[in-house]
Every structure is written in C-alpha cells, then in structure tokens.
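> I have a structure I would like to understand better, so I am pasting it below and will then ask my questions one at a time.
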Amino acid sequence: MQLGIGLPNAIGGTTRQQIIDWARAAEDAGFYSLGTIDRLVFDSYEPIVALTAAAAVTERIRLATDVLLGPLRQNPVLVAKQVLSLDAVAGGGRTTLGIALGGREDDYVISGLDMSTRGDWLDDALPRIRAIWDGDGELESKVGPHPRNDGPTLLVGGAVDASLERAAKHGHGWTQGGATPALFKESSDQLTEYWDRHGREDQPYRMALAYFSLGPDAQKNAQDDLGDYYAWLGDETAQMIVDSAAKDADTVKQYIAGFEAVGCDELVLFPASSDPEQVGLLAEATGL
C-alpha cells in the first residue's frame with residue numbers, strides 16, 4: 001500500500017511558504033502523494049491552485065485532489081483542462097483527480113447552485129472528462145495540454161451506491177474519505193460488484209483518507225483545526241473526527257495496517273497543522 005500525506009491547503013492561516021516547504025519535505029521524506037481537500041466557504045486554498053504550487057517545487061511525488069467538489073465548477077471541460085494543465089506542469093503522469101459531490105449546503109448557496117442536481121451533473125461530467133483526456137471526439141481531441149506519460153488518473157469519491165457505480169462506469173478507481181477500515185472494505189466489496197457488472201477487466205484503484213496530528217500539541221491542533229472544519233456536521237460528529245485523528249506513532253501504524261489489510265492501494269494521511277515539521281513526524285511514525 002502506498003502512503004500519501006495531505007497538503008495543508010484546508011488549514012486556516014496556512015502561508016505560501018508552508019505550502020512550498022511542506023511539498024518539498026513530503027517528496028524528500030519519500031511519501032507517494034500529496035492530497036488536497038476542497039471547500040469554498042472556508043479559509044482554504046483552492047485544490048488545483050495549491051497542487052500547482054506543489055508541482056512547481058517537486059519532481060516525483062504524485063498530486064491528488066481527495067476530493068475536488070466537481071459540481072461547484074460547473075464546466076466539466078474546464079475541469080478536464082485544468083487537470084491536464086496541472087499534470088503537464090508536473091511533468092506528466094503524476095496527477096490524480098479525485099472528484100465527488102460535497103455535502104455542505106453553504107458551498108452551493110454561495111455558488112447559486114441547486115444541491116439536488118449535483119448527482120446529475122457528475123453523471124454527465126465524468127464521461128466528458130474522460131473523453132477529453134482520451135481524445136475521444138473531434139473537439140475533445142483538441143483540448144490540451146495533451147496527456148503525457150499516461151496522463152491523469154480519475155477516481156470517483158463517495159460511499160453511496162451511486163458513487164461506487166460512477167467509479168465503475170467512468171473511473172480508474174474510487175476514493176473514500178473518513179471511513180474506518182471496516183466501512184472501507186464494505187464499500188470496496190460493493191465497488192467490485194459494480195466493476196464486474198460493467199464488464200471492467202482491469203482492477204480498480206482504491207484510495208482512503210485519514211487524519212493525523214503529532215507532536216506535543218497534537219490534541220490542541222486536532223481540536224482547533226478538525227473541530228472547526230467539521231463543525232457543520234454538529235458538535236458530536238465533529239468531536240468524533242477530532243478523537244479519531246492519529247496522535248501517536250502506534251495509532252498511525254494501526255491505521256496503516258488496518259487499511260492495508262482490507263485492500264486499500266493508497267492511504268493519504270491529512271494533517272491538523274500546517275507546520276512542515278509534521279511531515280517529518282509522520283515520516284518517522286510510518287517508518288519511511
């Protein structure tokens with residue numbers, strides 16, 4: 001199983017220098033990927049912009065939106081082009097578009113969009129994104145930069161049946177955020193059924209997300225960042241997420257072992273602090 005680390009793009013107050021230093025440190029430490037989280041109504045960096053900054057100062061590490069909230073962008077052709085552009089800046093073949101719907105009403109309200117149509121948008125957008133990446137169509141083939149080194153990877157996020165079927169129909173795989181290994185396995189097994197039903201002969205790529213907060217301020221950072229970020233879910237759920245963050249090396253190792261045991265291909269551990277020292281602490285905890 002590959003190990004990724006989240007870029008602190010969704011931690012309030014993160015600076016330009018912290019984004020750059022974090023990306024360089026993650027690559028130097030040997031992490032497989034850098035991930036981003038997406039929100040509009042929050043003090044956060046837009047994912048494609050943040051990953052482009054990371055691409056400019058790295059050479060190897062993969063760049064993944066985990067996830068990008070697709071319907072908030074509205075134009076799937078522009079999304080496809082943005083990801084192709086990011087991948088070209090990165091040198092080709094190291095970008096993953098994890099894409100999903102999002103559940104925060106305020107992101108849709110401020111965008112003037114109806115949340116009830118978001119699934120329909122994604123059903124239409126996914127094949128159009130793939131067509132552009134694959135050059136399938138007269139106009140589609142003219143949308144560049146053209147893919148290099150196999151181009152970007154498309155993962156569909158979510159745990160409901162509709163999300164899993166979308167992944168099977170249109171994606172290279174699937175990503176699930178904030179699940180336990182047991183819940184990940186349950187959804188993963190359902191994904192396999194949809195994959196077979198749609199006649200896919202390849203194997204789906206499976207990605208998961210978890211949180212970590214290490215060092216002497218681990219609890220405080222988790223409380224301040226994750227508690228604030230997930231406050232919209234209610235105090236009880238937000239506190240559960242705070243409490244679930246890995247705050248010591250043993251828990252980090254338990255998460256890694258747990259997700260690896262249920263067939264996860266890549267686990268991205270997202271931070272609760274934008275201090276680049278967290279990169280070294282996580283690398284030490286994981287044994288990289």
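The values are calculated or read from the model by the stated rules, or taken from the named source; none is laboratory data. Just so it is clear, the model here is predicted, and its values are computed rather than measured. Heads up, the Cβs are rebuilt from the backbone with ideal geometry, glycines too, and the neighbour counts pull from every protein chain shown.
> Name the strands (runs of 3 or more DSSP E) wholly within the stretch 144-261 that hold at least 2 residues that are among the aromatic types (F, W, Y)?
Numbers: elements: 153-157, 173-177, 205-211.
Once the strands (runs of 3 or more DSSP E) in the stretch 144-261 are filtered for at least 2 residues that are among the aromatic types (F, W, Y), what remains is 205-211.
> Of the residues L34, L84, L63, only one is touching a Phe, Trp or Tyr at 6+ places or on another chain (Cβ under 9 Å), closer than 15 Å to D150 by Cα, among the aliphatic types (A, V, I, L, M) and buried (at least 23 other Cβ atoms within 10 Å of the Cβ); which? Even if it seems obvious, please write down each step before you answer.
Details: L34 fails: closer than 15 Å to D150 by Cα; L63 fails: touching a Phe, Trp or Tyr at 6+ places or on another chain (Cβ under 9 Å).
Of L34, L84, L63, the one residue that is touching a Phe, Trp or Tyr at 6+ places or on another chain (Cβ under 9 Å), closer than 15 Å to D150 by Cα, among the aliphatic types (A, V, I, L, M) and buried (at least 23 other Cβ atoms within 10 Å of the Cβ) is L84.
> Can you report the number of residues in the stretch 119-159 which are at pLDDT 95 or above, out of contact with any Leu (no Cβ under 8 Å at 6 or more places or on another chain) and surrounded by fewer than 21 Cβ atoms within 10 Å (Cβ to Cβ)?
16
> Of the residues D217, D189, D224, D228, only one is closer than 25 Å to A257 by Cβ and of a type outside the set (G, A, S); which? Spell out how you get there, then give the answer.
Working: D217 fails: closer than 25 Å to A257 by Cβ; D224 fails: closer than 25 Å to A257 by Cβ; D228 fails: closer than 25 Å to A257 by Cβ.
Going through D217, D189, D224, D228 in turn, just one is closer than 25 Å to A257 by Cβ and of a type outside the set (G, A, S): D189.
> Looking at the stretch 266-273, can you tell me whether even one residue there is among the polar types (S, T, N, Q) and in a helix (DSSP H, G or I)?
First, the residues of the stretch 266-273 that are among the polar types (S, T, N, Q): 273.
Those still in the list that are in a helix (DSSP H, G or I) too: none.
No, the conditions are met nowhere in the stretch 266-273.
> Which pairs do you get when a residue that is in a loop (DSSP other than H, G, I, E, B), found in the stretch 3-20, comes within reach of a residue that is crowded, with 23+ Cβ neighbours inside 10 Å and of a type outside the set (A, V, I, L, M, F, W, C), reach meaning Cβ atoms under 8 angstrom, with the pair 6+ apart or on two chains?
Close Cβ pairs satisfying both conditions: L7/G35; L7/T36; I11/D225; I11/P271; I11/S273; G12/D225; T14/P8.
> Same structure again: Look at the stretch 45-94 and say how many of its residues are in contact with a strand residue (DSSP E or B) (Cβ under 6 Å, 6 or more places away or on another chain) and in a strand (DSSP E or B).
Result for the stretch 45-94: 7.
> If we scan the stretch 113-120, do we find a residue that is among the small types (G, A, S) and either without any contact (Cβ under 8 Å) to a residue 12 or more places away in the chain or farther than 22 Å from G173 by Cα (or both)? Don't jump to the end; show me each part of the working.
In the first step, residues of the stretch 113-120 are kept if they are among the small types (G, A, S); the result is 116, 119.
Those left that are additionally either without any contact (Cβ under 8 Å) to a residue 12 or more places away in the chain or farther than 22 Å from G173 by Cα (or both): 116.
Yes - at least one qualifying residue is present in the stretch 113-120.
> Out of all the residues in the stretch 24-71, which are under 15 Å from the mean Cα position of the chain (by Cα) and under 19 Å from A283 (Cα atoms)? If you could, list the steps in order and put the result at the bottom.
Taking the stretch 24-71 and keeping what is under 15 Å from the mean Cα position of the chain (by Cα), we get 31-39, 44-52, 54, 61-70.
Across the stretch 24-71, the qualifying residues are F31, Y32, S33, L34, G35, T36, A54, I61, R62, L63, A64.
> Filter the stretch 1-23 for residues that are surrounded by fewer than 16 Cβ atoms within 10 Å (Cβ to Cβ) and over 17 Å from the mean Cα position of the chain (by Cα) and give the result.
Correct list: G12, G13, T15, R16, Q17.
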